[in-house]
Amino acid sequence: MADAKPSAVQVPQDLKMKFPELIGLILGSESMNDEERQYWINILPVMTPEQIQNLNDILTNEKQQLAAIDRKYAKEIENIGETQLLRKVDEERRIRRAQRSKNEQNAREEEEVHAADILGKIQQE
């Protein structure tokens, strides 16, 4: 599994230099489409260190889980029909992607509330 996929996502050079590993995880995430990747890259500059660490942890965990699935079934390919195994792996990935998307949506909603709160405080000043 590669760290980054070719995509239409625009990544500013300063973010590539500041967050090279995280950018690679975002671009390589199998649970996101390009629109979601762009969203996370766009909000990186306003995220807190804790939020950045949480995103990094989520994406690292996703990558590790998918790698574990790949390893787990690599040997089974020899024992059962490849088509049957691929369906099984695809289903597990689909379930994990759905869960990851749900987690990301929750995080996105929290970010929007946080941003609105900050904007409200700025407007009050």
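Rounded to the nearest 20 debye, what is the charge dipole size of the stretch 13-124 about its Cα centre when +1 sits on each Lys and Arg Cβ and -1 on each Asp and Glu Cβ?
260
Hey, what angle do you get for helix 34-43 against the long axis of the chain, alpha-carbon based, 0 to 90 degrees rounded to 10?
Helix 34-43 sits roughly 40 degrees off the main axis of the chain.
List the lysines whose alpha-carbon lies under 20 Å from that of K18, not counting same-chain residues fewer than 8 positions away?
Cross-link targets: K5.
Measure nothing fancy, just the Cα-based angle from helix 82-124's long axis to the longest principal axis of the chain, in degrees from 0 to 90, nearest 10.
Once rounded, one gets 10 degrees.
Just how large is the dipole of the stretch 59-125 about the Cα centre, in debye to the nearest 20, putting +1 at every Lys and Arg Cβ and -1 at every Asp and Glu Cβ?
The calculation lands at about 380 debye.
Starting from the Cα coordinates of the chain, work out the convex hull volume and express it per residue in Å³.
In the chain, the Cα hull volume divided by residue count equals 111 Å³.
Would you mind checking the pairs K16/K88; K16/K75; K63/K88; K16/K102 and listing those with alpha carbons more than 29 angstrom apart?
The answer is K16/K88; K16/K75.
A short reminder: the numbers here are calculations on the coordinates, not readings from a lab. Everything numeric in this text was worked out from a predicted model, so none of it was measured. Methodologically, a virtual Cβ is constructed for each residue, glycine included, from the backbone with ideal geometry; neighbour enumeration extends over all protein chains shown.
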